Amino acid sequence: MSEFGSGIRRLCAVAAAPTAAEMAAQARAALGVTPTVELRLDWLRSDRERARFLACLRGHRSGDVTFVATCRRLAGGGRFTGSVQGELHWLAQARQAECLWCDIEIESLCKMHRSSLREYAVPSCVLLSLHDFRRTPALAGITRARKNDGIAAIKIAAHARTIADSLRLLRWARSTQDGVAIPMGEVALPARVLALRQGSALTYAPVGEATAPGQVSLEQMKSLYRAHELTKRTQIYGVIGDPIGHSLSPILHNTGFISRKIDAVLLPFLVRDLPDFLRAVPELGIRGFAVTIPHKQDIIKHLRHCDPLAAEIGAVNSVRVAHDGSQYGYNTDYIGVLRSLERRLHLKRSRVLIFGAGGSARAAAFALAGTGAQVAICARREGAARELARATKCEVIPRRALRTESFDAILNTTPIGMYPLDGASPLESGELNCRLVMDFIYRPEKTHLLQLAARKDIATISGVEMFLAQGIAQWELWMKRRATEAGMRRAVLAALRAQVQGKPTTSRGKR
């Protein structure tokens with residue numbers, strides 16, 4: 001698809017709306033970002049709306065704009081309820097509206113009676129598409145009969161169950177002239193962003209509502225991830241976890257990269273199987289990654305080297321990948337804990353309760369024990385609580401005792417109360433007998449636990465403070481230079497406040 005050239009032209013916006021007016025508005029918005037736009041005619045709710053939209057489109061054509069007309073039938077994963085002949089009719093109408101490209105699904109091609117697409121009055125450049133919303137199919141031989149059918153290029157959009165699936169699709173694009181690879185699903189989000197870098201002729205991003213699983217919005221694709229600018233020289237970083245789909249780490253780190261003019265990008269990897277991700281590290285050239293729930297402890301056994309403090313804590317939240325592929329683990333969570341608390345509390349001899357016994361709790365316990373604070377552990381998993389207490393020489397307190405015990409500070413390190421279950425609290429109001437409550441969760445910024453504390457006039461610290469401190473330390477560990485803290489903080493807080501107002505962002509989760 002050399003007609004598209006390079007750079008921003010290969011970023012294809014998707015306009016999909018039920019009415020002609022909404023579709024036209026989306027197309028205009030798309031053209032403010034990229035000159036390449038897919039027009040999903042099948043999303044228009046009636047033939048009347050399709051006719052209205054194409055009438056508006058006539059006369060808009062310019063040499064700098066490429067429209068790809070699509071009227072995908074139900075059989076191919078679209079919304080058009082008509083026949084193949086109906087699909088071809090609207091694609092022919094799109095040609096009259098000066099669309100040079102069209103997308104025809106393989107299910108429609110199989111039902112056509114003529115020997116070549118050149119015999120139909122559809123746009124002259126045909127993109128043949130195969131969609132599999134359940135799995136990534138066998139790819140060998142898919143590209144054989146194309147030129148004889150009047151097909152200019154082939155697109156495969158397939159659901160990736162694993163990161164390995166998404167990489168297999170990108171390898172196909174690399175090996176196929178003018179292939180378009182569209183990995184679908186949340187697991188495939190990083191591959192979708194890296195598709196252009198890895199050899200796909202196009203990558204797609206919606207202006208409005210997502211039209212396929214795992215899509216990244218056009219604004220995020222261009223401004224946050226800069227997909228059209230990524231090259232083999234770009235340093236790739238990641239954040240891994242489950243869940244991870246709306247992590248704030250991409251906003252934090254990518255803001256830092258952009259402000260310092262560093263050719264690097266950080267992507268969110270949904271990792272259910274740790275070895276699946278680790279096998280992808282060399283192929284993608286990943287230089288480092290942040291680690292969050294539930295992998296902070298499991299990652300250690302896969303590392304070549306672990307910082308002594310991280311090894312003592314027994315949890316890693318930051319990994320650096322050396323040029324020879326060796327992976328080195330660190331923990332910056334303890335920095336986040338200390339920087340957040342030291343501004344509000346004199347830690348030495350303070351009595352602090354840590355609720356939870358996972359990776360974040362371990363970082364907090366070791367950090368606070370080192371300051372001379374009196375640390376107590378309370379957790380649902382009593383065995384894990386006792387093990388952590390032994391390691392840090394702390395005490396274990398049973399849950400039933402919290403109503404009669406008092407503390408200077410209580411720290412919640414569990415995910416209870418995290419979006420989307422943000423109406424829950426790990427502790428009840430009567431158990432908050434303290435001067436300060438800190439929640440490690442940052443979405444929502446004001447968790448139900450912090451609201452309960454505020455009602456009792458207890459001082460609170462949002463998890464965003466810890467997130468920023470540990471994340472900035474992580475960024476500086478990777479980059480070996482000072483971060484632009486003020487700008488990174490503004491970007492994260494803006495994303496959190498946009499969520500409250502109902503605007504789309506990339507944030508969700510604990511990191």
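From the phi of every residue in region 257-270, what ³J(HN,Hα) in whole Hz does the Karplus formula 6.51 cos²θ - 1.76 cosθ + 1.60 yield, where θ is phi - 60° and glycine or proline is x?
Karplus values, whole Hz, x for Gly and Pro: 4, 5, 5, 8, 6, 9, 7, 8, 8, 10, 10, x, 10, 6.
Between beta-carbons, use under 15 Å as the cut-off and find the net charge around Arg403, counting Lys and Arg +1, Asp and Glu -1. It would help to have the intermediate numbers written out before the result.
Details: positive: Arg399, Arg400, Lys456; negative: Glu405, Glu428, Glu431.
Counting the neighbours of Arg403, the net charge comes to 0.
What ranking of Asp263, Asp333 emerges when the number of other C-beta atoms within 10 Å of each C-beta is taken as an exposure proxy, fewest first? Mind dumping the intermediate values first?
Values: Asp263 12, Asp333 34.
Starting with the residue having the fewest Cβ neighbours, the order is Asp263, Asp333.
So if R0 is 51 Å, what FRET efficiency would Asp324 and Asp132 give, r being the distance between their Cβ atoms, rounded to the nearest 0.05? Mind dumping the intermediate values first?
Values: r = 37 Å, r/R0 = 0.73.
About 0.85, to the nearest 0.05.
Report the far tail of the P(r) of region 354-412, meaning the percent of Cα-Cα pairs longer than 17 Å.
Working: 455 of 1711 pairs.
Every Cα pair in region 354-412 considered, those over 17 Å come to 27 percent.
So which trypsin sites (Lys or Arg not before Pro) in region 38-133 are both in a DSSP loop and have at most 16 other Cβ atoms within 10 Å of their Cβ? Provide the component values of the computation, followed by the final result.
Numbers: sites: Arg40, Arg45, Arg48, Arg50, Arg52, Arg58, Arg61, Arg72, Arg73, Arg79, Arg95, Lys111, Arg114, Arg118; in loops: Arg45, Arg58, Arg61, Arg72, Arg79, Arg114.
Qualifying residues, ordered by number: Arg45, Arg58, Arg61, Arg114.
Would you compute, from DSSP H runs of 4+ residues alone, the mean residue ellipticity of the chain at 222 nm, taking -39500 (n - 2.57) per run and dividing by the full residue count, rounded to the nearest 500? Mind showing how you got there, number by number?
Working: 15 runs with 166 residues, N = 511.
Per the formula, -10000 deg cm²/dmol.
So what is the relative contact order for the chain, in percent, with contacts set as C-alpha pairs under 8 Å and at least six apart? Kindly include the intermediate steps, with their values, before the conclusion.
Working: 1074 pairs, mean separation 49.9, N = 511.
With pairs under 8 Å counted, the relative contact order is 10 percent.
How many nm is it between the label spots at Thr19 and Ile106, if each spot is 7 Å from the Cα in line with the beta carbon?
About 3.8 nm separates the two model spin labels.
Mind running the shape call on region 190-233? Use the C-alpha gyration tensor, a ≥ b ≥ c as the square roots of the eigenvalues: rounded below 1.5 for a/c, prolate if a/b tops b/c, oblate otherwise.
Prolate, because a/c is 1.5 or more and a/b exceeds b/c.
In what order do Asp64, Asp242 fall by count of nearby beta-carbon atoms within 10 Å, going from fewest to most?
Values: Asp64 8, Asp242 18.
Placing the least packed residue first, the sequence is Asp64, Asp242.
Given bins 10 angstrom wide, list per bin the percent of all Cα-Cα distances in region 319-420, short to long.
15, 44, 28, 10, 3, 0
Report Rg(Cα)/(2.2 N^0.38 Å) for region 2-231, keeping two decimals.
Working: Rg = 16.2 Å, N = 230, 2.2 N^0.38 = 17.4 Å.
That ratio works out to 0.93.
Scaled to the compact-protein estimate 2.2 N^0.38 Å, what is the alpha-carbon radius of gyration of the chain, rounded to two decimal places? If you can, show how the numbers build up before the last one.
Values: Rg = 26.1 Å, N = 511, 2.2 N^0.38 = 23.5 Å.
It is 1.11.
Please work out how much length the chain gains when fully extended from Arg481 to Ala55, using 0.36 nm per residue of separation minus the C-alpha to C-alpha distance, in nm with one decimal. Numbers along the way, then the final one.
Details: separation 426, 0.36 × 426 = 153.36 nm, distance 5.49 nm.
The Arg481-Ala55 span can extend by a further 147.9 nm.
Can you give the local net charge around Thr484? Use residues other than it whose beta-carbon is closer than 12 angstrom to its beta-carbon, Lys and Arg +1, Asp and Glu -1. Display every interim value, and only then the final one.
On the way: positive: Arg260, Lys261, Arg481, Arg482, Arg489, Arg490; negative: Glu476, Glu485.
Summing Lys/Arg as +1 and Asp/Glu as -1 gives +4.
Between region 223-250 and region 409-424, how many Å separate their Cα centres?
So the two Cα centres are separated by 26 Å.
Could you list Glu105, Glu219 so that the one with the fewest beta carbons within 10 Å of its beta carbon is first and the one with the most is last? Before the final figure, lay out each step's value.
Values: Glu105 24, Glu219 13.
Ordered from fewest to most neighbouring Cβ atoms within 10 Å, Glu105, Glu219 come out as Glu219, Glu105.
Pairs to check: Lys446/Lys480; Lys155/Lys261; Lys261/Lys296; Lys232/Lys261; Lys261/Lys446. Give those whose C-alpha atoms are more than 27 Å from each other in this structure.
Lys446/Lys480; Lys155/Lys261; Lys261/Lys296; Lys261/Lys446
About the Cα centre, and with charges only on the beta carbon of Lys, Arg (+1) and Asp, Glu (-1), how big is the dipole of the chain? Nearest 20 debye, please.
Details: 72 positive and 46 negative charges, 101 e Å.
Computed charge dipole of the chain: roughly 480 debye.
How big is D, in µm² s⁻¹, for region 237-379 by Stokes-Einstein at 25 °C and 0.890 mPa s if Rh is the Kirkwood radius over C-alpha pairs?
Value of D from the Cα-based Kirkwood radius: 152 µm²/s.
Computed from the coordinates by the stated procedures, all read-outs in this text should not be read as laboratory data. Small disclaimer: the values here were computed from a predicted structure and weren't measured. Neighbour counts are summed over all protein chains in view; Cβ atoms, including those assigned to glycine, are modelled from backbone coordinates with ideal geometry.
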